[in-house]
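First comes the structure, then the notes that go with it.
The values are calculated or read from the model by the stated rules, or taken from the named source; none is laboratory data. These numbers were taken from a predicted model, which means no experiment stands behind them. Glycine also receives a Cβ, built like all others from the backbone with ideal geometry; neighbour counts cover every protein chain displayed.
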Amino acid sequence: MSRIVPALRTTIRALAIVVFVVFCWLEITGKPPGLLSKPPDLCAENHTLSLTLHASIAGDGKNSFYFNGQPNAPTLRLSPGDQLNITYVNDLPTKPAASCASPPCHDMTNLHFHGLAVPPSTPQDDVLNMMAMPGQSLHYSVQIPKDHPPGLYWYHTHPHGESARQVLDGMSGAIVIEGIENYVPELRDLRERVMLVRGRSLTDDARSTLLKQRVELNSHVCGSERDTPNEIFTVNGAVRPPVDIAPGERQFWRIVNATADRFLDLDPGGQPFEIVAMDGMPIAYHDPNHRIRVADHVLLPPAGRLEAIVTGPAAGTRLTSRCVDTGPDGDPNPAMVLADVVSNFSPSSTRATIGTPQTSSPKTLDLSAEEKVPPRFIVTFTEDKNGFYINHEKFAPDAPPMAQVRVGSYQHWRVVNATKELHPMHIHQVHFLAYAENGRPVSNPVWLDTVNVPYGGSVDVIMDFTHPIIKGLSVFHCHLLNHEDKGMMAKILFE
């Protein structure tokens, strides 16, 4: 009996430790420890995908998308030529509890289909005129062009003045346009992972110390930012989840920087990224002879997307975000751990392809002549204590378009950042080739819809205004959504 009691005490202590670890995990993530969670996949049937999505308040008091009665944002999977129908219901309260960038807050909301080459007109991707106040609904009918590039896109709310608050709370989801394996055939046999990296505010969070420890928040300041870090990253809603990939196994990772205002410098640890697409655009779409680019790390601005083959390193490696220098006036963007690489779980994610759609031939282009002409339009970012500006103008709903372009052309634009912080520039509806930074050519340029503009510097891009269906009034803006909310947005008219 004297030997049994100490053994029993040891067992009880061990169980107490396990319970404590599980409790801490639940406190941080809201989920039991396990595999990286996966949002539900919704696939088009008979070339149509229809769903109802609600904007509501989750149990933690934050704004959230609700699907089928649960706080969740499904991954929408379509092929070129399919139609997406969404009934979007605003169930947010008439008296918002949280603050917003441009008070008063109204809890108005809408959807933006980021990166999709669809018209900026009702009922498709119209962020200027389609707006639902609490108790109202919007009906979206988005026709995916038959020649649409396959890749990773995303949807998020875009109510001017309130977009940062809603996106920070997690009102976002992934869109996959199928068919990328037609450009990179080896993807057919690889396990796929869709990861939405979001920000989580630590302000007024009693668990902030525990959360910082969990992600190993690096206190090192890599620039001259003055503020204290107040956000961490989550992956599919979890703080530092495990990602199952065996050493030597090849997987297809599709990653969205769905934060409202943070930069990701992704480092897979041990093995490089084999990049097949950026911002939804397959590299082979324009450069079939160089389908894959290799990089040890990839800097993604807010809204940027990476699609890459990852080879499993040794177990115990972490997927991290490196520290990013955002400039003297920028927000701190320290290094931290995003996820742990493990190999002791069974597979949890497989390809969810829905057929093999036909794709157009690669668009090999010679844009050298347009690169050499002076910029046809210059975008200048400025800011002061009163707000944020494009070409010294703050966005107003009744403002005329700042730029007008004739559909059917490529245009050289220059984006100038006359501030002391890093800004990401995004334009709706179109992609562009970012070919020069600070006046110097970029090696191996890629097509993007969001590009980092260095503080005190510039980028030169070739805008693709050739798609005949892209007509109407749209916008371009800084994708630090707090800046967009405070005025750093302008209209563009596609004619």
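Sort out which residues of segment 212-242 are within 17 Å of residue 318 (Cβ to Cβ), of a type in the set (A, V, I, L, M) and at pLDDT below 95, and write them in order of number.
Selection gives 217 alone.
Of the listed requirements (1) over 19 Å from residue 488 (Cα atoms); (2) in a loop (DSSP other than H, G, I, E, B); (3) within 20 Å of the chain's Cα centre (by Cα), residue 123 misses just one: (3).
Among the conditions (1) over 23 Å from residue 433 (Cβ atoms); (2) in contact (Cβ under 8 Å) with a residue 40 or more places away in the chain, residue 296 misses just one, which is (2). Scanning segment 40-68 for residues that are outside any strand (DSSP E or B) and either over 24 Å from residue 198 (Cβ atoms) or at pLDDT below 95 (or both) returns 40, 44, 46, 47, 58, 59, 60, 61, 62.
Is it the case that some residue within segment 393-408 is without any contact (Cβ under 8 Å) to a residue 12 or more places away in the chain and of a type in the set (Gly, Ala, Ser)?
First, the residues of segment 393-408 that are without any contact (Cβ under 8 Å) to a residue 12 or more places away in the chain: 396, 398.
If we keep only those that are of a type in the set (Gly, Ala, Ser) as well, we get 396.
Within segment 393-408, one or more residues are without any contact (Cβ under 8 Å) to a residue 12 or more places away in the chain and of a type in the set (Gly, Ala, Ser).
Name the single residue, out of those in segment 244-261 being more than 19 Å from the chain's Cα centre (by Cα) and not charged (D, E, K, R), that is surrounded by the fewest Cβ atoms within 10 Å (Cβ to Cβ). Spell out the reasoning first.
Residues of segment 244-261 that are more than 19 Å from the chain's Cα centre (by Cα), as a first pass: 244-251.
Within this subset, residues satisfying the condition of being not charged (D, E, K, R) are 245-248, 251.
Details: 245: 26, 246: 15, 247: 14, 248: 11, 251: 19.
Residue satisfying both the conditions and the ranking: 248.
Residues in segment 150-170 that are crowded, with 24+ Cβ neighbours inside 10 Å and among the acidic types (Asp, Glu): 162 only. Scoring residue 96 on the criteria (1) touching a Cys at 6+ places or on another chain (Cβ under 6 Å); (2) assigned to a loop (DSSP other than H, G, I, E, B); (3) at pLDDT 95 or above leaves a single failure, condition (3). Here is the figure for segment 273-307: residues that are of a type outside the set (A, V, I, L, M, F, W, C), under 16 Å from residue 187 (Cα atoms) and touching a Gly at 6+ places or on another chain (Cβ under 9 Å) total 4.
Residues in segment 102-120 that are surrounded by fewer than 23 Cβ atoms within 10 Å (Cβ to Cβ) and either β-branched (Val, Ile, Thr) or modelled with pLDDT under 95 (or both): 102, 103, 104, 105, 106, 118.
Looking at segment 457-464, is at least one residue within 19 Å of residue 261 (Cα to Cα), among the β-branched types (Val, Ile, Thr), in contact with an Asp or Glu (Cβ under 9 Å, 6 or more places away or on another chain) and crowded, with 22+ Cβ neighbours inside 10 Å? Walk me through it before giving the result.
Within segment 457-464, the subset within 19 Å of residue 261 (Cα to Cα) is none.
Scanning segment 457-464, I find no residue that is within 19 Å of residue 261 (Cα to Cα), among the β-branched types (Val, Ile, Thr), in contact with an Asp or Glu (Cβ under 9 Å, 6 or more places away or on another chain) and crowded, with 22+ Cβ neighbours inside 10 Å, so the answer is no.
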